[in-house]
Amino acid sequence: MNIINQTLEQELSAWMASAFSSIYPDADLGDINTQVAPARKEEFGDFQCDAAMKMAKALKTAPRQVAQAVLDYAPRPACIDRMEIAGPGFINIFISDAWLAKRIEDTTTDERLGVPETGNGKTVVLDYSSPNVAKPMHIGHIRSTVIGNALDRLHRFLGFKVIADNHLGDWGTQFGLMLLGYKRLVNEEALHIDPVGELERIYRESYEKSQADEDWLAEARGELLKLQQGDEDNLALWQNFITWSKLEFNKIYHRLGVSFDFERGESYYNTMLQGVMDKLESLGLSEQSEGATVVRLDDENLPLSIVRKSDGAFNYTTTDLATVQCRVMDFHPDAIVYVTDERQQLHFKQVFSICKKMGVTTRLEHVWFGLMRLPEGTFSTRQGNVIKLELLLDEAVRRAYELVATSDNDIPEDTKQAVAEAVGIGAVKYADLSQNPQSLVTFSWDKALSLEGNSAPYLQYAYARIASVRDKYTAQFPDKDFLACPIKLAEPIERKLALRLVRFGDAVISATQNYRPNYLADYLYDLAQLYSNFYQNVPFLKAEEGVRESRIRLCDMVAKTLRKGLDLLGINTPDRI
């Protein structure tokens, strides 16, 4: 097994930094970015660096002169064929064909496909999905779940130790309404058939009654107080709510291929909340305001944050402060990352600011995303027009089955069902993951399930076509081993494809560092399009021996890359569609 410790872009960037440092050892170049990036146009080479122009200002000399010094610098990595200066001082880099071919050969036998483990020795806590107990997961949960899981997979692949925590909403004022509603309104037959569906109905009716009847609201508060004080009956009911909810959630997670290391709900931190209050007070961070306990954040240009309500109850802020402290103590992470919707931006800015004041040095990140809606409009829990996530997935699989059933009638029925599940679930996930997380997503069935354009079925179909090419090669040439033949980059399209393949690692790293799975989705779509161009413009099985094997080997590498890339997004790749 070959181990590649740097991507090509990382190698070039490190060399460029070293070259500038050696050429100008006395210059203060610490703030100048010497990063090398893919060239925007083919005529500008394979990679470009614009550092000479920035450096020229610091050196008070001509940019092209600085760039020329780099070109004249003797030690060059073997990957560089030639360099040239363009425009005011861009350094254009052209990669050696021989090096490129050898890199692909090495990568085809590397189970990591040339992606270095840049996260080794680092720990990250990922907080995502986090549905509320006693309510079914709905379409609004899809983004946190699939974006969070993609980031989970990406970090693990890069070597990070990942602590995936599903921070369930299993505590709070809503449970007073739930407990009273359950005791007065439960339909035992409905509860047996669909526990979480019945709990949702109970909560909705109890909430409506609390808005119209002050006595109902007062009784609900009484039930909540009994729960908080450890009443055995209420605690038993509350535990049932959690158990039934987890069973329902796990069905969805299983279909989505999602799993967690921990499911520490809000209730886990109850005993730590007073300790948070004591620490805030001892540090002089908290004060009283209109009966509530608050932390002022004027120096951060943020509104004050309430950490204890005027009635003495703790809130989400208190719980999240305790959660951060607990995670830091238990896991010693380099970063804690929260994946939630855009409406919680202010909340996390306040929490992170308070954590910093409390002495937390762990990096805290809020990866927020825009809401998802259907073309008909948005949805609301209280209005009762929420689309359950299970129904969305069922509909995706049904539509995918229709697509699969018309494409290949030779597929056995059980295989069709499995393929439909992979294509349907993949379509829903990719429709989300291919978007900038911070955008508002309008879900469209036609776009999500299209075999053309940037969709999961398009990429899954591209993989299946390549698998078919490999199968045909094996059938026609059973005594040949294409992996034993060298790669030849004779045609321009072959070179383009090879160059795109070696950039896979950079796409993975960029998607991870920027918390943007869509960067990887964009890469996979571009790769599939380029492969299609490759497939349509040169012969494969009819090519002469040697050339034929080289092209099949490139096909194999594209297939492996598509499969691994889609797997990192949580999407399965059937061999037949």
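Inspect all residues belonging to the range 114-135 and state whether any of them is of a type in the set (Lys, Arg), open to solvent by 10 Å² or more (accessible area, probe 1.4 Å), closer than 27 Å to residue 427 by Cα and modelled with pLDDT under 95.
Filtering the range 114-135 down to residues of a type in the set (Lys, Arg) leaves 122, 135.
Checking the rest, the ones that are also open to solvent by 10 Å² or more (accessible area, probe 1.4 Å) come to 122, 135.
Narrowing further to those that are closer than 27 Å to residue 427 by Cα: 135.
Applying the additional criterion that residues be modelled with pLDDT under 95 yields 135.
Yes - at least one qualifying residue is present in the range 114-135.
Any residue in the range 173-201 that is within 15 Å of residue 136 (Cα to Cα) sitting within a Cβ distance under 9 Å of a residue that is outside any helix (DSSP H, G or I) and hydroxyl-bearing (Ser, Thr, Tyr)? List the pairs, counting only those 6 or more apart or interchain.
Every condition considered, the pairs that remain are 200/381.
Tell me which residues, restricted to the range 480-506, are among the hydrophobic types (A, V, I, L, M, F, W, C), surrounded by fewer than 16 Cβ atoms within 10 Å (Cβ to Cβ) and either touching a Phe, Trp or Tyr at 6+ places or on another chain (Cβ under 9 Å) or assigned to a loop (DSSP other than H, G, I, E, B) (or both). Give the derivation first.
The first filter runs over the range 480-506 and keeps only residues among the hydrophobic types (A, V, I, L, M, F, W, C), leaving 482-485, 487, 489-490, 493, 497-499, 501-502, 504.
Those still in the list that are surrounded by fewer than 16 Cβ atoms within 10 Å (Cβ to Cβ) too: 483-484, 490.
Within the range 480-506, just 490 meets the criteria.
What's the number of the only condition in (1) under 26 Å from residue 499 (Cα atoms); (2) modelled with pLDDT under 90; (3) open to solvent by 50 Å² or more (accessible area, probe 1.4 Å) that residue 4 fails to meet?
Of (1) under 26 Å from residue 499 (Cα atoms); (2) modelled with pLDDT under 90; (3) open to solvent by 50 Å² or more (accessible area, probe 1.4 Å), only one is false for residue 4: (3).
Would you mind telling me which numbered condition in (1) more than 27 Å from residue 482 (Cβ to Cβ); (2) assigned to a helix (DSSP H, G or I) residue 527 fails?
Every listed condition holds for residue 527 apart from (1).
For the range 528-537, check the following and say yes or no: at least one residue is of a type in the set (Phe, Trp, Tyr), in contact with a Ser or Thr (Cβ under 8 Å, 6 or more places away or on another chain), within 29 Å of residue 430 (Cβ to Cβ) and open to solvent by 20 Å² or more (accessible area, probe 1.4 Å).
First, pick out the residues of the range 528-537 that are of a type in the set (Phe, Trp, Tyr): 531, 534-535.
Among the residues that remain, those that are also in contact with a Ser or Thr (Cβ under 8 Å, 6 or more places away or on another chain) are: none.
No - not one qualifying residue is present in the range 528-537.
A quick yes/no check of all residues on (1) modelled with pLDDT under 95; (2) more than 30 Å from residue 336 (Cβ to Cβ); (3) out of contact with any Phe, Trp or Tyr (no Cβ under 7 Å at 6 or more places or on another chain); (4) not basic (Lys, Arg):
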| position | (1), (2), (3), (4) |
| --- | --- |
| 157 | no, no, yes, yes |
| 161 | no, no, yes, no |
| 168 | no, no, yes, yes |
| 173 | yes, no, yes, yes |
| 177 | no, yes, no, yes |
| 185 | no, yes, yes, yes |
| 197 | yes, yes, yes, yes |
| 216 | no, yes, yes, yes |
| 233 | no, yes, yes, yes |
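Regarding residue 152, is this residue at negative phi and open to solvent by less than 20 Å² (accessible area, probe 1.4 Å)?
yes
Please go through the range 478-501 and pick out each residue that is modelled with pLDDT of 95 or more and of a type in the set (A, V, I, L, M, F, W, C).
Correct list: 487, 489, 493, 497, 498, 499, 501.
Quick one: what pairs do we get from the range 514-528, first residue within 14 Å of residue 560 (Cβ to Cβ) and in contact (Cβ under 8 Å) with a residue 24 or more places away in the chain, second crowded, with 22+ Cβ neighbours inside 10 Å and of a type in the set (S, T, N, Q), C-beta under 8 Å, 6+ apart or different chains?
Listed pairs, sorted by first residue: 524/561; 527/561.
Hey, residue 63 hits all of (1) touching a helix residue (DSSP H, G or I) at 6+ places or on another chain (Cβ under 9 Å); (2) within 24 Å of residue 6 (Cβ to Cβ); (3) crowded, with 16+ Cβ neighbours inside 10 Å but one; which does it fall short on?
Going through the list (1) touching a helix residue (DSSP H, G or I) at 6+ places or on another chain (Cβ under 9 Å); (2) within 24 Å of residue 6 (Cβ to Cβ); (3) crowded, with 16+ Cβ neighbours inside 10 Å, residue 63 breaks only (2).
Would you check which residues across the range 110-149 are on the phi > 0 side of the Ramachandran plot and of a type in the set (Ser, Thr, Tyr) and list them? Steps first, please.
So in the range 110-149, the residues on the phi > 0 side of the Ramachandran plot come out as 113-114, 121, 129-130, 134.
Correct list: 129, 130.
Looking at residue 575, is it under 19 Å from residue 426 (Cβ atoms), among the charged types (D, E, K, R), open to solvent by 30 Å² or more (accessible area, probe 1.4 Å) and free of Cβ contacts under 8 Å to residues at least 40 places away in the same chain? Lay out the reasoning, then the answer.
Values: under 19 Å from residue 426 (Cβ atoms): yes; among the charged types (D, E, K, R): yes; open to solvent by 30 Å² or more (accessible area, probe 1.4 Å): yes; free of Cβ contacts under 8 Å to residues at least 40 places away in the same chain: no.
Here the answer is no, as residue 575 does not meet what is asked.
From the list 458, 519, which one is open to solvent by 10 Å² or more (accessible area, probe 1.4 Å), under 21 Å from residue 114 (Cβ atoms) and part of a helix (DSSP H, G or I)? I'd like the intermediate steps shown before the answer.
Details: 458 fails: under 21 Å from residue 114 (Cβ atoms).
When all the criteria are applied, what remains is 519.
When the residues of the range 17-31 are filtered to those that are at pLDDT 90 or above, among the hydrophobic types (A, V, I, L, M, F, W, C) and under 37 Å from the mean Cα position of the chain (by Cα), which remaining residue is surrounded by the fewest Cβ atoms within 10 Å (Cβ to Cβ)?
17
Could you please find all residues in the range 246-263 being of a type in the set (Asp, Glu) and surrounded by fewer than 16 Cβ atoms within 10 Å (Cβ to Cβ)? Please lay out each step first, then the result.
Here is the first cut: in the range 246-263, the residues of a type in the set (Asp, Glu) are 248, 261, 263.
Once the filter is applied, which keeps residues that are of a type in the set (Asp, Glu) and surrounded by fewer than 16 Cβ atoms within 10 Å (Cβ to Cβ), the range 246-263 yields only 261.
Among 545, 549, which is the only one that is in a loop (DSSP other than H, G, I, E, B) and either touching a Lys or Arg at 6+ places or on another chain (Cβ under 9 Å) or of a type in the set (Lys, Arg) (or both)?
Values: 549 fails: in a loop (DSSP other than H, G, I, E, B).
Answer to the check: 545.
State which residue pairs qualify: first residue more than 13 Å from residue 571 (Cβ to Cβ) and inside the range 415-442, second residue acidic (Asp, Glu) and part of a helix (DSSP H, G or I) in any location, beta carbons under 8 Å apart, and separation of 6 or more residues or different chains.
Here the result reads 438/342; 441/432, each pair linking the range 415-442 to a residue that is acidic (Asp, Glu) and part of a helix (DSSP H, G or I).
Considering only residues that are outside any loop (DSSP other than H, G, I, E, B), crowded, with 16+ Cβ neighbours inside 10 Å and at pLDDT 95 or above, which ones fall in the range 69-85?
Matches in the range 69-85: 80, 81, 83, 85.
Within the range 294-353, count every residue that is under 29 Å from the mean Cα position of the chain (by Cα), over 16 Å from residue 128 (Cβ atoms) and aliphatic (A, V, I, L, M).
7
Any residue at all in the range 409-431 that's within 30 Å of residue 319 (Cβ to Cβ), of a type outside the set (A, V, I, L, M), at pLDDT 90 or above and part of a helix (DSSP H, G or I)?
The first filter runs over the range 409-431 and keeps only residues within 30 Å of residue 319 (Cβ to Cβ), leaving 429.
Right, trim to of a type outside the set (A, V, I, L, M) and you get 429.
Next cut, at pLDDT 90 or above only: 429.
Keeping just the survivors that are part of a helix (DSSP H, G or I) gives 429.
Yes, the range 409-431 contains a residue that is within 30 Å of residue 319 (Cβ to Cβ), of a type outside the set (A, V, I, L, M), at pLDDT 90 or above and part of a helix (DSSP H, G or I).
Quick check on my filter: what residues within the range 130-174 are charged (D, E, K, R), within 15 Å of the chain's Cα centre (by Cα) and over 25 Å from residue 563 (Cα atoms)? It would help to see each step written out before you state the result.
Taking the range 130-174 and keeping what is charged (D, E, K, R), we get 135, 143, 152-153, 156, 161, 165, 170.
Then drop every residue that is not within 15 Å of the chain's Cα centre (by Cα), which leaves 143, 152-153, 156, 165.
Hit for the range 130-174 is 165, nothing else.
The values are calculated or read from the model by the stated rules, or taken from the named source; none is laboratory data. This is a predicted model, so every value here is computed, not measured. Cβ atoms come from the backbone with ideal geometry, glycine included; neighbour counts cover every protein chain shown. Note: accessible area is taken over every heavy atom of the protein model, side chains too, but ligands, DNA and RNA are not part of it. Shrake-Rupley method; radii C 1.70, N 1.55, O 1.52, S 1.80 Å.
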